[in-house]
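Following: one structure in structure tokens, then a few remarks.
The values are calculated or read from the model by the stated rules, or taken from the named source; none is laboratory data. As the structure is a prediction and not an experimental result, all values here were calculated from the model. Cβ placement follows ideal geometry from the backbone for every residue including glycine, while neighbour counts extend to all protein chains displayed.
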Amino acid sequence: MSEKSKVAFQGEKGAYSHLACLEVFPNADIIACPSFEETFKLAKENSKYKIVIPIENSLAGRVADIHYLIPKYKLQIHAEHFQKVSHNLLVIKGAKIEDIKTVRSHSQAIGQCQKIISDNKLKSIISADTAGSAKFVSKKNDKSDSAIASELAAKIYNLEILKSNIEDEFGNVTRFLIMGNKTKHPEFKNKKYITSCVFKLKSIPAALYKALGGFATNGVNLRKLESFAVKNTFDQVNFYIDIEGHIEDSSLQKALEELGFHTQKLDILGVYEAHEFRFKS
């Protein structure tokens, strides 16, 4: 019998990251870590573990700290996953909407569910995460308190879903990266691929313009370009890019070669198949 995959995520059980783990690795041994730092550290020190890390959300933008941890721990991206986020109003068994006085959740979830909060005149309480809020409500066992969290959290903490899909805007999707220690790049076939990199430019005028010129001249498309400051500085930045294509494609190789001329440092974070979600209309 083959050994079960080992997977870790940041947060409490029942978090949307936990849900993503179950979608990607339905039969794996899954553990929760208290912080992103500890999640990355686990995978770095134990090659048996892969980690499922949120990097950006369609409504809230990028996830804080991840862009600093990726170059720090130098893990490789094995795959990407897009997870639909559906918020639910969770209460203890028997509670009704008129019983509720407070609602607690992560700040983003609170911000994304303002209509139901306003309509029912609920007091918002900001918590560290969604699943942790559900856990708190379950332990408190108070009809006046509620949480915004996933359906999975309701099952784990024995709560009732009073209202489902309570977000103000639909189309709430989080992109996750599946990361681990170094792995071989997938074989170059007739498929869609993403190559992800982090680079730091040389300190010369128009460096970014020159660095990206190779992608234009070689017909290579960038799907994402994002800057983030080097820690403890105001005048130095790193760039994260997602590139359409496989690193063995000659056009992409030429573009990366041109990029390398204008960078102090260039790290390839991974080559992986583009998720089917990217091609949905």
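Answer yes or no: is there a residue in the range 226-242 that is out of contact with any strand residue (DSSP E or B) (no Cβ under 9 Å at 6 or more places or on another chain), more than 20 Å from Glu187 (Cα to Cα) and among the basic types (Lys, Arg). The answer is yes, given that some residue of the range 226-242 is out of contact with any strand residue (DSSP E or B) (no Cβ under 9 Å at 6 or more places or on another chain), more than 20 Å from Glu187 (Cα to Cα) and among the basic types (Lys, Arg). Evaluate the range 11-26: report whether one residue or more is modelled with pLDDT under 95 and polar (S, T, N, Q). Within the range 11-26, none of the residues are modelled with pLDDT under 95 and polar (S, T, N, Q).
Scanning the range 224-238 finds one or more residues that are touching a residue at least 12 places away in the same chain (Cβ under 8 Å), of a type in the set (Gly, Ala, Ser) and closer than 19 Å to Gln264 by Cα. Quick check, is Gln264 over 18 Å from Gln76 (Cβ atoms) and in a helix (DSSP H, G or I)? No; evaluated as a whole, the condition is false for this residue. Any idea which of Ala60, Ala64 is touching a residue at least 24 places away in the same chain (Cβ under 8 Å) and among the small types (Gly, Ala, Ser)? Checking each option against the conditions leaves just Ala60. Might you check whether a residue that is small (Gly, Ala, Ser) and surrounded by 14 or more Cβ atoms within 10 Å (Cβ to Cβ) occurs anywhere in the range 156-165? Looking for residues that are small (Gly, Ala, Ser) and surrounded by 14 or more Cβ atoms within 10 Å (Cβ to Cβ), one finds none in the range 156-165, hence no. Summed over the range 189-208, residues that are aromatic (Phe, Trp, Tyr) and either under 17 Å from Asn238 (Cβ atoms) or touching a Cys at 6+ places or on another chain (Cβ under 9 Å) (or both) total 1. Restricting the range 81-107 to residues that are closer than 14 Å to Ser58 by Cβ and of a type in the set (S, T, N, Q) leaves a set whose member that is surrounded by the fewest Cβ atoms within 10 Å (Cβ to Cβ) is Ser86. In the range 190-223, the residue that is nearest to the chain's Cα centre (by Cα) out of those that are among the charged types (D, E, K, R) and assigned to a loop (DSSP other than H, G, I, E, B) is Lys192.
So that you can scan it fast, the table gives a plain yes or no per residue for (1) surrounded by 21 or more Cβ atoms within 10 Å (Cβ to Cβ); (2) in contact (Cβ under 8 Å) with a residue 60 or more places away in the chain:
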site: Val7; (1), (2): yes, no
site: Gln10; (1), (2): yes, no
site: Pro26; (1), (2): no, no
site: Ile30; (1), (2): no, no
site: Cys33; (1), (2): no, no
site: Glu38; (1), (2): no, no
site: Leu42; (1), (2): no, no
site: Lys50; (1), (2): yes, yes
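Return yes or no: is Ala255 crowded, with 20+ Cβ neighbours inside 10 Å, assigned to a helix (DSSP H, G or I) and modelled with pLDDT under 95? So Ala255 does not fit the description; no. The condition (being in the same structural domain as Leu22 (by TED's automatic domain parsing), surrounded by 15 or more Cβ atoms within 10 Å (Cβ to Cβ) and among the β-branched types (Val, Ile, Thr)) is satisfied by just one residue among Ile77, Ile110: Ile77.
In the range 59-78 there is no residue that is of a type in the set (S, T, N, Q) and under 21 Å from Ala154 (Cβ atoms). Taking the range 224-252 as the range and being outside any strand (DSSP E or B), more than 25 Å from Glu276 (Cα to Cα) and of a type outside the set (Ser, Thr, Tyr) as the test, the residues that pass are Val230, Lys231, Asn232, Phe234, Asp235, Gln236. Does Lys101 count as among the charged types (D, E, K, R), touching a Lys or Arg at 6+ places or on another chain (Cβ under 9 Å) and not assigned by TED's automatic domain parsing to the domain that holds Ile126? For Lys101, the condition - among the charged types (D, E, K, R), touching a Lys or Arg at 6+ places or on another chain (Cβ under 9 Å) and not assigned by TED's automatic domain parsing to the domain that holds Ile126 - is not met.
The C-beta contact set for the range 250-267 (first residue more than 17 Å from Phe239 (Cα to Cα), second residue part of a helix (DSSP H, G or I) and small (Gly, Ala, Ser), distance under 8 angstrom, 6+ apart or interchain) comprises Lys254/Gly214.
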